[in-house]
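One structure below.
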Amino acid sequence: MAKMRNTNSLPDFISISDKQLLDAYSGTVAGVVKNASQAVVHLKVSKTGNHPRTKKPIEQQASGSGFVISTDGYIVTNNHVIENSQSIKVGFGDGMEFPADLTGTDPSTDIAIIKVHDGELRPLQFANSDLLEPGQIAIAIGNPMGLQHTVTAGVVSALGRSLRANNGRLIDDVIQTDAALNPGNSGGPLVNSEGKVIGVNTAVISSAQGLCFAVSANLAAYISGQLIIHGRVKRAQLGVAAQPVKLTPRMIGANQLKTTMGVYIFEILADSDIYNKQLRVGDIIVEFEARPVSTVDSLHKYLNEKSIGRKIGLTVLRGGRRQLVEVIPAELK
């Protein structure tokens, strides 16, 4: 008597151990989504914009994602989701919808914090993104194209990427993933196999497939804390207009420099809070407290909250020779 083939059996090329692995992977993703999705919210944002033809002010509707990070109602999202908003409504998975207040924004990292005063709040925890490795599971939960609580899964493709924010500043420590993201995913969480947030989904490259990016959890957690406490992120400024410039081999060799680029100052702005009188137009900044400066972005990185009001030693090239000058940066307003 011929044996009946079990239609539920796996193809011959997949072993039992492979099936167990696939079941474990599916179970992991399903379990994470079941717990984490309760903290993921759908944002409905009313914004002011200009009519494309008449340029007259009009009200526009936008949507995005976010996730709860505290039991008292704080929610993380992207700055570009709520930028220029007139009103923000937050929709939860149980169908409840509440208005939200804007707590603070940081365009330089594309992170924003909003707050709701109602709802069943089950916060997510941030993971330590410094411990991430390429190949780890990455699960994105969000509301792409308004389709609520959509789940995509993939891996951490690369670490330490950089993205240009809308205000021109560089966002460092960005995670690349192949977990599919679409418009509306912005501001949603990228979580690991433990259901902890490893990044805040922020950008996709529309002309490519599988190239999606998230602001790392460590950076997002720091920025979120600053926004909750201060309503903004404190940064320093030197009061100069500058641009990157390539150094000649002679400059590099004669001054024993560690960089092939510098930052050329072409304008010095007067500000009573900034001490920059030792700088000159034409100076090339090559070091910030003995650390190499090769681009405006690297200079911005050093000009953090710790630099505000503190005496800083800058190494500049003046007339082709290195010279140490002192500056006292002020808070960027």
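The values are calculated or read from the model by the stated rules, or taken from the named source; none is laboratory data. All values reported here derive from a predicted model rather than from experimental measurement. Backbone-built Cβ (ideal geometry, glycine too); neighbour counts: all protein chains shown.
Yes or no, residue by residue, for (1) touching a helix residue (DSSP H, G or I) at 6+ places or on another chain (Cβ under 6 Å); (2) modelled with pLDDT under 90; (3) among the hydroxyl-bearing types (Ser, Thr, Tyr):
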| site | (1), (2), (3) |
| --- | --- |
| Ile265 | no, no, no |
| Ala270 | no, yes, no |
| Tyr275 | no, no, yes |
| Val281 | no, no, no |
| Ile284 | no, no, no |
| Glu289 | no, no, no |
| Ser294 | no, no, yes |
| Arg310 | no, no, no |
| Val316 | no, no, no |
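Looking at Ile113, is it part of a strand (DSSP E or B), within 19 Å of the chain's Cα centre (by Cα), of a type in the set (A, V, I, L, M) and crowded, with 22+ Cβ neighbours inside 10 Å? Yes, satisfied.
Of all residues in region 148-166, those satisfying the criterion of being touching an Asp or Glu at 6+ places or on another chain (Cβ under 9 Å) and in a loop (DSSP other than H, G, I, E, B) are Ala165, Asn166.
Based on this model, can you work out whether Phe98 counts as at pLDDT 90 or above, out of contact with any Asp or Glu (no Cβ under 9 Å at 6 or more places or on another chain) and surrounded by 14 or more Cβ atoms within 10 Å (Cβ to Cβ)? Spelling it out, it is not the case that Phe98 is at pLDDT 90 or above, out of contact with any Asp or Glu (no Cβ under 9 Å at 6 or more places or on another chain) and surrounded by 14 or more Cβ atoms within 10 Å (Cβ to Cβ).
Determine, yes or no, whether Ser294 is in contact (Cβ under 8 Å) with a residue 12 or more places away in the chain and of a type in the set (Gly, Ala, Ser). Here the answer is yes, as Ser294 does meet what is asked. The listed residues are Ser37, Ser65, and the only one of them that is under 18 Å from Leu181 (Cα atoms), part of a strand (DSSP E or B), of a type in the set (Ser, Thr, Tyr) and in contact (Cβ under 8 Å) with a residue 60 or more places away in the chain turns out to be Ser65. Within region 167-191, the residues that satisfy the criterion of being surrounded by fewer than 22 Cβ atoms within 10 Å (Cβ to Cβ) and either assigned to a loop (DSSP other than H, G, I, E, B) or small (Gly, Ala, Ser) (or both) are Asn167, Gly168, Arg169, Asp178, Ala180, Asn182, Pro183. Of the candidates Leu238, Leu227, the single residue that is under 30 Å from Val151 (Cβ atoms) and either free of Cβ contacts under 8 Å to residues at least 12 places away in the same chain or not acidic (Asp, Glu) (or both) is Leu227.
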